[in-house]
1. May I ask for the Rg/Rh ratio of the stretch A:78-153, computed from Cα atoms with Rh as the Kirkwood radius, given to two decimals?
2. Using a Förster distance of 45 angstrom, determine the FRET efficiency expected from the C-beta separation of residue A:214 and residue A:50, and round it to 0.05.
3. If you take the Cα atoms of the protein assembly as shown, find Rg, then find the Kirkwood Rh from the mean of 1/r over all pairs, what is Rg/Rh?
4. What is the pair-distance distribution P(r) of the stretch B:105-204, computed from all Cα-Cα distances in 10 Å bins starting at 0, with each bin given as a whole percent?
5. Using only Cα atoms, find the angle between the long axis of helix B:377-389 and the longest principal axis of chain B, and express it within 0 to 90 degrees, rounded to the nearest 10.
6. Grab the Cα-Cα distance for residue A:23 and residue A:84, subtract it from 0.36 nm times how many residues apart they are, and report the gain in nm with one decimal.
7. Can you compute the radius of gyration and Dmax for chain A, using only the Cα atoms, both in Å?
8. Compute and list, largest first, the equivalent-ellipsoid semi-axes of the stretch B:255-355 from the alpha carbon gyration tensor, each √(5λ) rounded to a whole angstrom.
């Protein structure tokens with residue numbers, strides 16, 4: 001059986017820039033004037049802090065010793081890029097991003113299928129699945145910290161029958177156990193978001209095509225792999241893009257559960273410590289700029305590598 | 001959509017009435033606003049002094065109320081509670097003060113960042129005439145409140161760590177607790193007799209408090225010339241540093257270590273101590289009041305001087321507490337100092353100790369009658385002796401960097417070895433010079 005994908009409707013637009021009528025030109029100009037105030041405000045509130053961070057990153061500047069401020073050029077970037085801590089934290093962040101997004105994609109898709117297909121108690125089921133996403137991340141991080149606590153957590157007592165979980169397992173006592181706890185809380189919290197995005201994609205798959213495949217004798221797996229998944233490719237990629245960018249900036253769970261101990265620090269947490277705790281505005285700003293560039297690179301790679309068509313995902317194609 | 005003219009005109013009142021109502025409404029709003037503004041102004045009551053306090057069971061709020069009443073209308077103290085964690089208290093205050101926030105008048109400052117705030121001129125040094133009116137504080141409290149030879153905060157309460165132990169366990173282990181004991185002795189005794197030694201070894205300031213006490217107990221100092229700023233001489237890689245590392249290494253790899261050693265803090269050691277495995281813990285003065293309702297544990301609770309790092313060398317117990325600082329951006333500094341005198345008065349220090357278990361910073365505070373009734377005399381004596389012997393953390397504006405670098409290289413406790421002091425020293429120096437990320 002071959003893959004079946006619905007093709008977008010043909011449009012009449014000719015290649016190259018189309019000629020605009022006078023009316024269209026006037027409407028365009030009016031549109032530009034109407035959005036101009038919003039654009040100016042956006043530029044002021046987003047561009048100014050970014051330029052300020054870029055400027056500060058060129059200085060040795062500590063908030064509590066402003067008299068020692070000095071221009072260091074790209075020195076802060078040199079220190080950061082030459083420091084093993086930065087690369088360790090970047091690796092942690094990438095591990096968390098890849099692992100959580102991969103698991104969330106599979107589990108989230110299962111949830112989306114349940115929400116899409118279920119006939120009985122559909123509202124109740126959808127609400128139950130979405131509840132974790134409605135909980136504040138800090139609150140869920142605290143809840144999971146208590147759950148994994150060696151003193152009063154339920155994880156050790158409920159799962160001690162598993163060979164790799166000791167009754168006195170200190171989940172925050174070493175790197176991988178702590179990373180597991182952090183990722184579990186992240187997955188629990190954001191899988192519903194992934195399933196929501198996938199549900200939107202699932203509802204766009206034509207039932208006619210699925211039924212046609214069924215009539216042709218396609219099994220359930222064949223319908224899934226050959227019809228459903230290819231037709232919701234854009235939605236999947238948007239979900240992956242959004243969650244990957246979100247996961248790369250992970251902060252709350254780490255701040256609450258380990259505060260970066262056991263080498264569980266992420267790039268965002270490292271930046272927070274430099275800017276907020278150490279009050280190193282120069283070094284912290286340089287880290288912020290690098291974090292911003294990393295997010296841009298991830299977005300670019302996902303969009304280009306997987307050929308994500310955001311317009312098609314929004315149903316504009 | 002067409003709207004019939006009748007429907008718009010019929011419901012509307014006559015235009016003149018509408019205008020009159022608008023004018024009347026505006027006047028009413030103006031009158032109300034003027035009344036409110038007058039109430040907020042200087043004629044509406046005494047100036048309000050905002051006191052940022054560390055969290056406690058309400059002791060500082062009660063002092064604020066008493067001092068407000070005692071001022072006879074000169075000022076009113078309002079409290080704002082800071083986060084639980086001392087590092088977060090520092091961050092919140094420093095960011096406001098750096099921005100010139102004039103709404104802060106008084107601050108309860110932890111010794112860990114007093115020097116940093118003083119060097120940044122966030123707090124005003126205590127004037128000479130005010131110093132003379134303050135109760136005479138213990139030497140440790142004065143040292144922790146001084147920067148650049150100036151008293152920069154008024155000592156309020158002094159915290160100190162003791163070695164708390166279960167009498168029955170010490171007896172079973174055959175330890176003579178009337179004599180100074182060493183870390184080696186209590187770790188061995190606990191390990192051999194199925195007990196544990198509770199310490200603070202999470203990746204936080206409390207762990208550095210322990211390390212500093214171990215180093216000072218071995219006759220060393222983490223920093224020898226703290227006034228030199230980023231060029232301060234770091235002395236972690238010393239005989240004393242290695243003695244400290246040996247103690248941590250020994251406990252971390254002993255049966256006496258609690259299972260949650262790497263995340264332990266002042267609170268996590270309380271529950272195990274009250275069980276059959278409870279043997280020893282080093283902790284602050286609040287321990288006695290903490291077990292007040294647990295009679296079985298309280299009756300078996302013993303206390304003595306902080307353990308020695310090296311046998312025969314007197315220990316230097318960790319020092320904590322709070323000093324009251326006056327913000328340099330405050331608009332009411334004269335009144336602030338009057339409030340400081342009231343807050344740190346011997347009676348308020350004594351009552352605060354009764355209310356919260358946090359002990360006075362002066363001998364006069366310990367003379368408070370209700371305090372003497374609330375605690376055994378021998379315990380109050382031990383507190384005072386320990387404060388006198390205490391070893392404060394180095395007073396440097398860069399303490400948060402040094403502390404953070406120590407946490408990075410000494411945590412978890414199970415990773416500490418004889419090579420830790422050397423690597424830690426190199427790392428601290430690189431961090432201070434801006435050559436390494438912390």
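1. On the way: Rg = 18.3 Å, Rh = 15.8 Å.
Reported Rg/Rh, Kirkwood definition of Rh: 1.16.
2. Working: r = 52 Å, r/R0 = 1.16.
Given R0 = 45 Å and the Cβ-Cβ separation, E is 0.30.
3. Values: Rg = 32.2 Å, Rh = 30.5 Å.
With Rg and the Kirkwood Rh in hand, the quotient comes to 1.05.
4. 12, 32, 18, 20, 15, 2
5. For B:377-389 against chain B, the angle is about 90 degrees.
6. Values: separation 61, 0.36 × 61 = 21.96 nm, distance 5.99 nm.
Additional length available on full extension: 16.0 nm.
7. 24.4, 78
8. On the way: eigenvalues 255, 64, 43 Å².
One finds semi-axes of 36, 18, 15 Å for the stretch B:255-355.
Since every read-out is calculated from the coordinates, none of them should be taken as a lab result. Values in this document were obtained by computation on a predicted structure and should not be read as measured data. Every residue, glycine as well, gets a Cβ built from its backbone with ideal geometry; the counts of neighbours run over all protein chains shown.
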